[in-house]
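K.L.:
Provided herewith is a single structure, encoded as structure tokens, for subsequent inquiry.
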Amino acid sequence: MQEVITHLRAATSHPGGVAVLTGAGMSAESGIPTFRDALTGLWARFDPAQLASEEGYRESPQRGWDWYAERRAGVRAALPNAGHLALADFDRRHPGVLRLVTQNVDDLHQRAGVADTIRLHGDILVDRWLERCRERPACDIAAAAPGRPPHCTRCGNLVRPGVVWFGESLPGGAMEAASEAARRCRVMLVVGTSGAVWPAAGLAGQARRHGATVVIVNPHPSEIDAEAHHVLRGTAAEVLPALLGVVPGGGEKS
Ligand code: NAD
């Protein structure tokens, strides 16, 4: 831990010096289940590829909508945990140093106070049309008729959540911004990700090849542990305050 803190201190003198990649484990202590944990109860017989794919949604829009409705309610009820707050606090004390890249579709980094988070996998709280709307003027999604899922009364289009499903491309510019953050940073913290979802999983290796110190924070082994210089076996809410809270801010003495 002490060695990582020393690297973090040095990195705070550089704009973009600290990049952080977060995954579902980041929000686990806020009560938002990771993918594995979300597939319990009624959903235990499905796999993520079925529920989080266009094919799965088209196969049963009602099943897909209900699953996401449950996830949305969980996100709305959740609060940022000590890990989210430690990142936001670090960002306030070191303006311009943190580049936060998240695979999470919840809004807990934003609610904690990190406004310009790079969101690789979209936003679960936003609605989109399932088909690209070809009507002119375009159909107003806010006027969709209620249902499971809601639908357009003009053209029949269905509403879907604004997340990136398996097999879909990432939002324009997001991966480019994330890669730039990885290439530029001096330290990359990888928090709460299994490293199984690409291209996000490749960012740790990219940072390492460009000379950054890579630190994984995860209570369990991940698929990208081999990319790390340091693996801290603990949870986001335990480790991040201990790690970031002791790195002095710009105006403080070290
Ligand atoms: P994942 O579910 O594949 O892996 C979660 C990882 O978090 C695991 O390695 C686990 O050991 C670790 N973990 C569990 N509790 C932790 C804790 N308290 N602190 C730190 N780490 C902890 O998640 P992923 O790698 O992000 O990939 C899954 C995909 O699922 C992503 O694309 C993401 O968009 C999506 N997803 C997002 C959310 C969310 O927005 N909160 C929730 C579930 C899934």
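The values are calculated or read from the model by the stated rules, or taken from the named source; none is laboratory data. Computed from a predicted model, the values in this text were never measured in an experiment. Counting neighbours? That spans all protein chains shown, and the Cβs are built from the backbone with ideal geometry, glycine included.
K.L.:
Inside the range 92-119, can you point out the residues that are over 14 Å from Pro15 (Cβ atoms), assigned to a loop (DSSP other than H, G, I, E, B) and not acidic (Asp, Glu)?
P.N.:
Matches in the range 92-119: Gln103, Asn104, Val105, Gly113, Val114, Ala115, Thr117.
K.L.:
Filtering the range 224-242 down to residues that are under 20 Å from the mean Cα position of the chain (by Cα) and within 18 Å of Thr6 (Cα to Cα), which residue is surrounded by the most Cβ atoms within 10 Å (Cβ to Cβ)?
P.N.:
Leu240
K.L.:
When the range 2-43 is examined, which residues are found to be modelled with pLDDT under 95, more than 15 Å from the ligand (Cβ to nearest atom) and aliphatic (A, V, I, L, M)?
P.N.:
Once the filter is applied, which keeps residues that are modelled with pLDDT under 95, more than 15 Å from the ligand (Cβ to nearest atom) and aliphatic (A, V, I, L, M), the range 2-43 yields only Leu42.
K.L.:
Filter the strands (runs of 3 or more DSSP E) completely within the range 146-254 down to those with at least 1 residues that are farther than 19 Å from Leu98 by Cβ.
P.N.:
In the range 146-254, the matching strands (runs of 3 or more DSSP E) lie at 159-163, 230-232.
K.L.:
Would you be able to tell me the number of residues in the range 209-220 that are more than 13 Å from the ligand (Cβ to nearest atom) and under 20 Å from the mean Cα position of the chain (by Cα)?
P.N.:
1
K.L.:
Okay, next question. In the range 71-91, how many residues are free of Cβ contacts under 8 Å to residues at least 60 places away in the same chain, part of a helix (DSSP H, G or I) and away from the ligand (no atom under 12 Å from the Cβ)?
P.N.:
Result for the range 71-91: 5.
K.L.:
Surrounded by 14 or more Cβ atoms within 10 Å (Cβ to Cβ), touching a strand residue (DSSP E or B) at 6+ places or on another chain (Cβ under 6 Å) and over 30 Å from Leu243 (Cβ atoms), is that true of Leu203? Step through it out loud before you land on a result.
P.N.:
Values: surrounded by 14 or more Cβ atoms within 10 Å (Cβ to Cβ): yes; touching a strand residue (DSSP E or B) at 6+ places or on another chain (Cβ under 6 Å): yes; over 30 Å from Leu243 (Cβ atoms): no.
No; evaluated as a whole, the condition is false for this residue.
Yes/no matrix, rows are residues, columns are (1) more than 18 Å from Gly16 (Cα to Cα); (2) in contact with a Ser or Thr (Cβ under 9 Å, 6 or more places away or on another chain):
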site: Gly96; (1), (2): no, no
site: Asp106; (1), (2): yes, yes
site: Asp140; (1), (2): yes, no
site: Val159; (1), (2): yes, no
site: Trp165; (1), (2): yes, yes
site: Glu168; (1), (2): yes, yes
site: Pro171; (1), (2): yes, no
site: Glu176; (1), (2): no, no
site: Arg184; (1), (2): no, no
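K.L.:
Asp66 is checked against (1) part of a loop (DSSP other than H, G, I, E, B); (2) outside the structural domain of Ala174 (by TED's automatic domain parsing); (3) acidic (Asp, Glu) and fails just one. What number does that condition carry?
P.N.:
(1)
K.L.:
Just wondering, is there one or more residues in the range 90-98 that are closer than 30 Å to Pro149 by Cα, buried (at least 21 other Cβ atoms within 10 Å of the Cβ) and among the charged types (D, E, K, R)?
P.N.:
Scanning the range 90-98 turns up no residue that is closer than 30 Å to Pro149 by Cα, buried (at least 21 other Cβ atoms within 10 Å of the Cβ) and among the charged types (D, E, K, R).
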